[in-house]
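*Asks:* Structure provided below as structure tokens; questions to follow.
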Amino acid sequence: MLPIYNINIDLTDQETGMYTVSLVDLPAVECNFLTFDKESPIALKFDSDKHIITGVALRADYPIYRNNRLGEHYVVFTKETIRQCVEKFSKLGFNNFVNIDHNENNYVDNITMIESFIIDKERGICPIEFSNIEDGSWIVSYKVNDLNLWDKIKSGEVKGFSIEGIFNYSDPVDVEMKKTEQSTISIDELIEELISE
């Protein structure tokens with residue numbers, strides 16, 4: 001069993017937290033976009049009028065495989081950490097900071113976050129499309145006005161969301177694994193990690 005670390009941020013530190021959502025071909029949360037059409041709003045179809053993509057950006061309590069200077073391990077974003085990250089991200093106005101494949105030279109201008117919510121089944125906030133996703137997970141929707149990007153989405157070149165940020169690692173924790181096999185997909189290659197002492 002590989003070690004598992006909880007990810008967290010320091011609310012008093014300007015440096016830690018999310019700062020970008022990236023559109024990627026292999027989302028570490030293992031959930032692809034939903035796309036919407038006029039006749040079947042939950043269908044996985046494309047509508048050239050709406051250009052809306054919706055998906056899981058952060059998945060609560062879901063072990064994600066990493067392999068970096070700590071070696072092979074898993075990281076987990078708890079419900080509380082996700083809530084803190086989303087609040088800080090929104091407060092700092094980063095909602096429309098979107099790039100492709102974590103490339104800092106490939107930011108997208110014509111894309112707008114139109115929805116952002118955290119699944120909260122106790123409050124009744126859980127669309128049927130996400131009924132199998134963990135409580136506390138972060139869901140986002142973007143309106144895509146960039147035609148080149150929309151072509152990449154339609155072709156399957158990009159399939160989901162990933163996030164970038166600076167995060168702290170906790171000491172290894174005892175978390176029940178939800179996957180029986182290791183994934184080779186990391187949350188993103190550009191996360192800068194601050195290792196807690």
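The values are calculated or read from the model by the stated rules, or taken from the named source; none is laboratory data. Keep in mind that what you see is a predicted model, and the values were worked out from it rather than measured. With ideal geometry, Cβ positions are generated from the backbone for all residues, glycine too; neighbour counts draw on all protein chains shown. Calculation scope for accessible area: heavy atoms of the full protein, side chains included, ligands and nucleic acids excluded. Shrake-Rupley method; radii C 1.70, N 1.55, O 1.52, S 1.80 Å.
*Asks:* Order CYS31, CYS85, most accessible first, counting only protein heavy atoms with a 1.4 angstrom probe.
*Replies:* Ranking CYS31, CYS85 by accessible area, largest first, yields CYS31, CYS85.
*Asks:* I'd like the GluC sites (Glu not before Pro) in segment 74-106 restricted to DSSP loop residues with at most 11 other Cβ atoms within 10 Å, sorted by number.
*Replies:* Hits after loop and neighbour filter: GLU104.
*Asks:* So for the pair ASP101, GLU15, with labels modelled 7 Å out along Cα→Cβ, what separation do we get in nm?
*Replies:* Distance between label points: 3.0 nm.
*Asks:* What does the net charge come to around ASN148 if you take all other residues with beta carbon closer than 13 Å to its beta carbon, with K and R at +1 and D and E at -1?
*Replies:* Counting the neighbours of ASN148, the net charge comes to -2.
*Asks:* While we're here: Using the Karplus curve 6.51 cos²θ - 1.76 cosθ + 1.60 with θ = phi - 60°, work out ³J(HN,Hα) for each residue of segment 62-72 in order, rounded to whole Hz, and write x for Gly and Pro.
*Replies:* 10, x, 10, 5, 9, 8, 9, 5, 7, x, 6
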